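Below is one structure, written out as structure tokens; comments come after it.
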Amino acid sequence: MNSKIKHYKRADLQLKPAVPGAKMWGVALAHTLLTYFEVEAESRFAAHSHESEQITMVLEGELYFEVNGEIVCVGSGEVIAIPSMEPHAAFTKGKPVKAVDAWSPVMEKYK
């Protein structure tokens, strides 16, 4: 295999704490980051913005985003695309959530 290509086995992808009620792992290249999150019911990512563009796909459950004063429910199999520096918050209600995110540029804290 090309030495620049890395295969991550399941054992390499260990969940670690993110915010209270959420665990995650991340895999990064120089310009792109993929994260996987498992978020407990009734958890919250406080309002924030970041340089990275963010594309989130919900695999299981419903993840709610607060964007421009509106609540957007992203359900299983659905995607939300958040531009760079766009303020937003995210939270769960009564069900846990599993989701993946693509980020560019890489967010060092999730690497």
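Based on Cα contacts under 8 Å between residues 6+ apart, segment 24-105 shows a relative contact order of 44 percent.
For segment 1-66, the equivalent ellipsoid built from the Cα gyration tensor has semi-axes of 25, 16, 11 Å, listed from largest to smallest. Checking every one of the trypsin sites (Lys or Arg not before Pro) in segment 1-71 against DSSP loop status and a limit of 10 other Cβ atoms within 10 Å picks out 4, 6, 9. Once you divide the Cα radius of gyration of the chain by 2.2 N^0.38 Å, the number left is 1.07.
Rule-based calculations on the coordinates, nothing more; no lab input. No experiment lies behind these values; they were computed from the predicted model shown. Every residue, glycine as well, gets a Cβ built from its backbone with ideal geometry; the counts of neighbours run over all protein chains shown.
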